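I have placed the structure first, in the form of structure tokens, so that the comments after it can refer back to it.
The values are calculated or read from the model by the stated rules, or taken from the named source; none is laboratory data. Keep in mind that this is a model prediction, so the values were computed, not measured. Neighbour counts run over all protein chains shown; Cβ positions are idealised from the backbone, glycine included. The area values use the complete protein model at the heavy-atom level, side chains included, leaving out ligands, DNA and RNA. Shrake-Rupley method; radii C 1.70, N 1.55, O 1.52, S 1.80 Å.
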Amino acid sequence: MATEEDQAALPQLLYLGPLGTYTHQVRADNGLNRVKTSHGKLWTQVAYENLADNVTYVQRDTIREVFESISPEFPYGVIPQENSTYGSVIDTYDSLRSPRAGTEVFVRGDITLAVQHCLVGRNGLDRTNIKRILSHEQALGQCRDYLYTNFPEATLKKVSSTAVAAQSLTEDDADIESAAICSALCVKLFSGLEILQRSIQDKQDNFTRFFVLSHSLESMPPLLDTKFRLLRALVRISMPPAPSSGSHEADSGQQKVQCPAAYSHNRPLHLVMSTLLTTFGVPITRIDRRPSLSDVPFEDLYFVELEELGSPMESPPRAERLESWATKVNSGVKRVKAAGGEATILGVW
């Protein structure tokens, strides 16, 4: 077991807290979280073997706080990126819109966790008395059919994490008619709770993918498994706003604003989907879109994830393969810019 001096010497990794969140489970599970898929395969969560002893863990209350806290003092972080049932985690992609993304914060890896949700309540709670159900937006979405079928009249309340939902049930002023959707681990962490039903997610093949963040593109988190051969990158692409012809103004109270219709044909979606993306010369595995931070209505940012099968692990070494991969991605970014677009490398791993 590591001593306090050893722990102090380890780099610090931020995660979405409190204890009991699925982000916490990425590092705490010790290979026990298993789910049998409809294809008969057995998936196991093995992140603990990579995470447990290599870093010191520091919790934050929100995804944005994790992202904004990445620095030389807190060089690494883990945030949820996508769920296989409910889709992309909006808070994560909103954080990736920040000017810090690609300059002070980078994606340097990913981890996938099998997610099994439980309905949890205070000891002795009768399911028929449940009037409110608390959880993170993602968990509520992943259990939507279950909730509609079993608790059609219940009020659904969104909170910052699944563990916060469970923890709130233990407070002195907690509503005795409330329940939470969270992991089974929460029952062990917060006294006075019991599991009312297990595996309530709509799909048994339910997985969440997490991004591993770093404060530098040169700094590789010590927790990641170096045996994977897939090379990945994340690039943010946009187009500079262009003047619009035939624009018109509308009076909105005290201030005149330009109508969104004036910008509706300025989004070069066809260019992003064709000309720009083909410049990378490697498979594109996903594209996510979020509104830009500019003042232009309906101006978009595109988050493009690239992937390439690396060479055998023995030759060349991983560091050389990553360097070569980063050079290829950077060449694609230069071609995007030459075509009139804007592109920023948000991560290479």
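Of everything in region 176-217 that is small (Gly, Ala, Ser) and either in a loop (DSSP other than H, G, I, E, B) or touching a Phe, Trp or Tyr at 6+ places or on another chain (Cβ under 7 Å) (or both), the residue that is most open to solvent (accessible area, probe 1.4 Å) is Ser191. Of all residues in region 148-160, those that are touching a strand residue (DSSP E or B) at 6+ places or on another chain (Cβ under 6 Å) and at pLDDT below 95 total 1. If you go through region 71-128 and keep only what is open to solvent by 30 Å² or more (accessible area, probe 1.4 Å) and charged (D, E, K, R), you end up with Glu73, Glu82, Asp91, Asp94, Arg97, Arg100, Glu104, Asp110, Arg122, Asp126, Arg127. Within region 111-123, residues that are at pLDDT below 90 have Cβ atoms under 8 Å from residues that are part of a strand (DSSP E or B) and among the polar types (S, T, N, Q) in these pairs: Thr112/Thr208; Leu113/Thr208; Ala114/Thr44; Val115/Asn83; Val115/Thr208, counting only partners at least 6 apart in sequence or on another chain.
Would a scan of region 158-167 turn up a residue that is out of contact with any helix residue (DSSP H, G or I) (no Cβ under 9 Å at 6 or more places or on another chain), without any contact (Cβ under 8 Å) to a residue 40 or more places away in the chain and within 21 Å of Glu65 (Cβ to Cβ)? Looking for residues that are out of contact with any helix residue (DSSP H, G or I) (no Cβ under 9 Å at 6 or more places or on another chain), without any contact (Cβ under 8 Å) to a residue 40 or more places away in the chain and within 21 Å of Glu65 (Cβ to Cβ), one finds none in region 158-167, hence no.
The set of residues in region 143-166 being surrounded by 16 or more Cβ atoms within 10 Å (Cβ to Cβ) and of a type in the set (Ser, Thr, Tyr) consists of Tyr146, Ser160, Ser161, Thr162.
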